[in-house]
1. Assuming G64 fulfils every condition listed in (1) free of Cβ contacts under 8 Å to residues at least 60 places away in the same chain; (2) on the phi < 0 side of the Ramachandran plot apart from one, which condition is it?
2. (1) within 13 Å of the chain's Cα centre (by Cα); (2) outside any helix (DSSP H, G or I); (3) closer than 17 Å to L43 by Cβ: which one isn't true of R129, the others all being true?
3. Could you grab me the full set of residues in the range 73-99 that are in a strand (DSSP E or B), open to solvent by less than 40 Å² (accessible area, probe 1.4 Å) and touching a residue at least 60 places away in the same chain (Cβ under 8 Å)?
4. Name the single residue, out of those in the range 16-28 being in a strand (DSSP E or B) and open to solvent by 40 Å² or more (accessible area, probe 1.4 Å), that is modelled with the lowest pLDDT.
5. Among the listed residues D105, D123, D134, which satisfies the condition of being open to solvent by less than 70 Å² (accessible area, probe 1.4 Å), among the charged types (D, E, K, R) and at pLDDT 95 or above?
6. Would it be correct to say that A161 is at pLDDT below 95, more than 22 Å from L37 (Cβ to Cβ) and open to solvent by less than 50 Å² (accessible area, probe 1.4 Å)?
7. Quick one: is L37 open to solvent by less than 30 Å² (accessible area, probe 1.4 Å) and free of Cβ contacts under 8 Å to residues at least 60 places away in the same chain?
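The values are calculated or read from the model by the stated rules, or taken from the named source; none is laboratory data. What you see is a predicted model; the values in this text were computed from it and never measured. Neighbour counts run over all protein chains shown; Cβ positions are idealised from the backbone, glycine included. Heads up: the accessible areas ignore ligands, DNA and RNA and are worked out on the full protein's heavy atoms, side chains in. Shrake-Rupley method; radii C 1.70, N 1.55, O 1.52, S 1.80 Å.
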Amino acid sequence: FKTVPDMHKGQCGYSEAVEISSSLAQWSPNPGAPKDLPMTCDLAAKLHLWERHVVIPAAEKYLGSPVEEIKVFGTFQCRTVAGHDRLSEHAFAKAIDVAGFMLADGREITVLGDYHGKGAEGDFLREIRQRACDLFDVTLGPDYNADHENHFHLDVGGRRACR
């Protein structure tokens with residue numbers, strides 16, 4: 001990780017933030033996503049715990065292959081929650097959207113393509129989403145609404161929801 005300068009733009013912004021490019025796996029933005037992934041230290045710490053104690057063991061259990069890369073749509077974005085006037089936790093670098101995983105054996109597992117599947121890939125994704133609820137304040141995925149059909153929204157904004 002590296003520390004990043006504080007950034008404030010209108011009502012949005014963050015301070016004491018970091019950027020992670022890798023932990024036990026590489027973290028990479030999906031094509032078209034912002035290249036930088038600034039996030040609060042709290043979010044970074046919980047992501048590391050989720051990766052280490054949930055994602056990696058579940059990949060071995062269900063898929064028999066280590067995770068090499070975690071694909072994300074991004075972290076900081078100055079915007080409101082869809083359909084509301086309230087700012088999203090993305091506006092404060094307290095949220096990340098996780099879209100999928102690349103495995104060491106070359107397979108790509110995506111929330112959009114595999115979450116509702118009946119095989120090991122779907123079991124893996126459903127377990128890591130459910131267990132994310134133990135770490136993050138808010139965990140949203142495809143079972144929540146159509147806006148989350150292609151990613152897991154994980155945040156540390158203080159509100160509580162697991163859907």
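1. (2)
2. Result: R129 fails condition (2) only.
3. Once the filter is applied, which keeps residues that are in a strand (DSSP E or B), open to solvent by less than 40 Å² (accessible area, probe 1.4 Å) and touching a residue at least 60 places away in the same chain (Cβ under 8 Å), the range 73-99 yields L87, A95, A99.
4. Restricting to residues being in a strand (DSSP E or B) and open to solvent by 40 Å² or more (accessible area, probe 1.4 Å), the top hit is S22.
5. D123
6. yes
7. yes
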